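Asker: Have a look at this one before I ask anything.
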Amino acid sequence: MDWYPLFNSLRIAAISTVAVFFLGIAAAHYIAKLPRLAKGVLDVVLTLPLVLPPTVVGWLLLVLLGPKRPVGAWAQSTFGIKLVMTWWSAIFATVVVAFPLMYRTARGAFESFDQNLADAGRTLGRSNTWVFWRVQMPVCRQGILAGTVLAFARALGEYGATSMIAGYTPGRTATISTTVYQLWRTNDDAGALRWVLVNVAISAVFLLAVNLLETRQRQARKGGVR
Amino acid sequence: MALSVDIKKQLGDFCLETSFTVENTVLALLGASGCGKSVTLRCIAGILTPDEGKIVLDGTVLYDSAARIDLPPQKRQVGYLFQQYALFPNMTVRQNIAAAVRDRARRQTVTAEKLRQFQLEAVADQKPWQLSGGQQQRTALARILASKPKAILLDEPFSALDSYLKYQLEAELAETLEQFPGTVLWVSHDRGEVFRNCRQVCVMDQGRSQGLFTLRELFHEPVTEAAARLSGCKNYADAVPAGSAVSLPEWGLTLDCGKPIPPDIRRIGVRAHHVALSAPHAPGAFPCDVLRVVQDVFNTIVLLRPETAAPDAPPLRMELSREAWYAAADKRHVWIAIQPRDILLLK
């Protein structure tokens, strides 16, 4: 069995999760401080990919990144790289689709953060950066973690936009989800089943790990001293 | 070593105008809820920015709208004790205190010293949620003092505690503050707390500071109705000066004050425990109908209406010991006297 789709899916999901982690947190942090109108507008724009069909996201990305489109043509002539139909094209799709999950959960966590804690840190002489990384992020850990998990899961399962922007080339752009579709389409039920089982196994392990992490956190809290 | 504040800030419909100067003492900001006390503290700490004005601490300008100076909170050296203490929940007591020491070389020694000084060594490695209320307050104070502030701001330090715990913590806090050389601002709506712990009082009423008073001036000779109300005075009436007496049209009375009345007096106040039973027809006494009797924990509260009062006049409130009321012969109709020195003349 060729394990390339598994490797490719995991690497795409991992890279986009890292990207979405920082993008989502930065967006949540800065947008929380904006005036209400700007906040409302940006909120709608940034959450849109969550409710749009993935094919619409894929089409929009192709319009932007295709070889004859402005960004795609510019990348081609400047760096000599293609933005579509390569393995990493899928990262664009997964980042856009997973971003709202990270952004919304992080924003929810930041909004429930007690601003007095930040003010206390500042009156004690600590920089805003220190307060953010040493107090706000640890206090909002649960929400941030939940957002990261959701983003990773969404990125791993992405199909629609990925298939449009990266296509299906065995050994190059194939991911688990595009492989399952391809195998089903070519009547290879046994092959499809293998990959379905792989996918189910990954998801189950993933959820188990998350549950374990949560229980351990709860126990640490109950047990008191670390 | 002094703190001088003169600021204005508009918050929606609410307008804050505070000005006072205080030197190396414990100053209370006393006022009802929502009168702008906390906003004032936040402006001093740099958490909120006033619209205009000036704040100077020990010769350092913290804020000056004219000179466009607005130091960030980090550079103001003002310690702020938040209502719920705002301890960092992700850190231990030791880490909370260490976070306030920016000098890496001295961090360990200062932290150890504060842990010892505030008797927190036994709980040094616990998280804030594991501490008792008193330990939380001591941690917050230790953390503030570790940051070496020039002034300390206390925002209703006991608002969330029940009264038994409160007295214990209040004593501990007072002891700590006595050793602090700089200025302390203590925000409170509780006149007892202020009387026990502060030297000077700045009364705030609807966003405006009413100037500084010593405890004696506030509790024995308040000059405005807002100050009198905060000092616990319950009875008020419109007054017209009449030589050395005041005439009170609402109650249809003229009361002797034993001294010439300044012409700008518009109101009088009488504390409920200065309203006393008297023998019938005694000089200066007046007859009243009893409207209602309320039994309080240790006292009896009697609401009275002078016989000469207008129908819509506010009742006169009398507070006396249960025994004294029990001894009164007629409980529906009484004679009342108010000593001239007990009439508060208000502008």
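Asker: Restricting attention to the stretch B:84-100, which residues are at negative phi, out of contact with any Asp or Glu (no Cβ under 7 Å at 6 or more places or on another chain) and facing another protein chain (nearest Cβ under 9 Å)?
Answerer: The answer is B:Q84, B:L87, B:F88, B:P89, B:N90, B:M91, B:A99, B:A100.
Asker: Does A:G147 satisfy being part of a helix (DSSP H, G or I), more than 17 Å from A:N199 (Cα to Cα) and not aliphatic (A, V, I, L, M)?
Answerer: Numbers: part of a helix (DSSP H, G or I): yes; more than 17 Å from A:N199 (Cα to Cα): yes; not aliphatic (A, V, I, L, M): yes.
Considered against the rule, which asks whether it is part of a helix (DSSP H, G or I), more than 17 Å from A:N199 (Cα to Cα) and not aliphatic (A, V, I, L, M), A:G147 comes out as yes.
Asker: Which strands (runs of 3 or more DSSP E) sit wholly inside the stretch B:281-347 and have at least 1 residues that are among the acidic types (D, E)?
Answerer: Numbers: elements: B:286-295, B:299-306, B:316-321, B:333-337, B:343-346.
Passing ranges, in order: B:286-295, B:316-321.
Asker: Sticking with this one: Just to confirm my filter: which strands (runs of 3 or more DSSP E) fall fully inside the stretch B:1-99 and include at least 3 residues that are surrounded by fewer than 20 Cβ atoms within 10 Å (Cβ to Cβ) and not acidic (D, E)? Let's see the steps before the verdict.
Answerer: Numbers: elements: B:2-11, B:14-23, B:26-30, B:52-57, B:60-64, B:78-81.
Once the strands (runs of 3 or more DSSP E) in the stretch B:1-99 are filtered for at least 3 residues that are surrounded by fewer than 20 Cβ atoms within 10 Å (Cβ to Cβ) and not acidic (D, E), what remains is B:2-11, B:14-23, B:52-57.
Asker: What helices (runs of 4 or more DSSP H) lie completely within the stretch B:182-238 and have 3 or more residues being surrounded by 20 or more Cβ atoms within 10 Å (Cβ to Cβ), in the same structural domain as B:L248 (by TED's automatic domain parsing) and at pLDDT 85 or above?
Answerer: none
Asker: Taking A:T123 as meeting all but one of (1) within 14 Å of chain B (Cβ to nearest Cβ); (2) surrounded by fewer than 23 Cβ atoms within 10 Å (Cβ to Cβ), write down the number of the exception.
Answerer: It is condition (2) that A:T123 fails.
Asker: Any idea which of (1) touching a strand residue (DSSP E or B) at 6+ places or on another chain (Cβ under 7 Å); (2) away from chain A (no Cβ under 14 Å) is the one B:D70 doesn't satisfy?
Answerer: Every condition holds for B:D70 apart from (2).
Asker: So, of the residues in the stretch A:159-216 that are part of a helix (DSSP H, G or I) and of a type in the set (D, E, K, R), which turns out to be nearest to A:D2 (Cα to Cα)?
Answerer: First pass over the stretch A:159-216, keeping only residues part of a helix (DSSP H, G or I): A:160-165, A:176-185, A:189-216.
Add one more test, that the residue is of a type in the set (D, E, K, R), and what stays is A:185, A:189, A:194, A:214, A:216.
On the way: A:R185: 18, A:D189: 16, A:R194: 11, A:E214: 35, A:R216: 36 Å.
Ranking the qualifying residues of the stretch A:159-216, first place goes to A:R194.
Asker: If A:F132 satisfies all but one of (1) within 14 Å of chain B (Cβ to nearest Cβ); (2) modelled with pLDDT under 90; (3) more than 17 Å from the chain's Cα centre (by Cα), what's the number of the condition it fails?
Answerer: The number of the failed condition is (2).
Asker: It is to be established whether one or more residues within the stretch A:20-34 are of a type in the set (D, E, K, R) and over 11 Å from A:Y103 (Cα atoms).
Answerer: Yes, the stretch A:20-34 has at least one match.
Asker: Taking the conditions exactly as written (at pLDDT below 90 and either under 18 Å from B:Y236 (Cα atoms) or loosely packed, with under 12 Cβ neighbours inside 10 Å (or both)), does B:P306 satisfy them or not? Outline the logic, then answer.
Answerer: Values: at pLDDT below 90: no; either under 18 Å from B:Y236 (Cα atoms) or loosely packed, with under 12 Cβ neighbours inside 10 Å (or both): yes.
For B:P306, the condition - at pLDDT below 90 and either under 18 Å from B:Y236 (Cα atoms) or loosely packed, with under 12 Cβ neighbours inside 10 Å (or both) - is not met.
The values are calculated or read from the model by the stated rules, or taken from the named source; none is laboratory data. A quick note: this is a predicted structure, and the numbers were derived from the prediction, not measured. In this analysis, Cβ positions are derived from the backbone assuming ideal geometry, glycine residues included, and neighbour counts consider all displayed protein chains.
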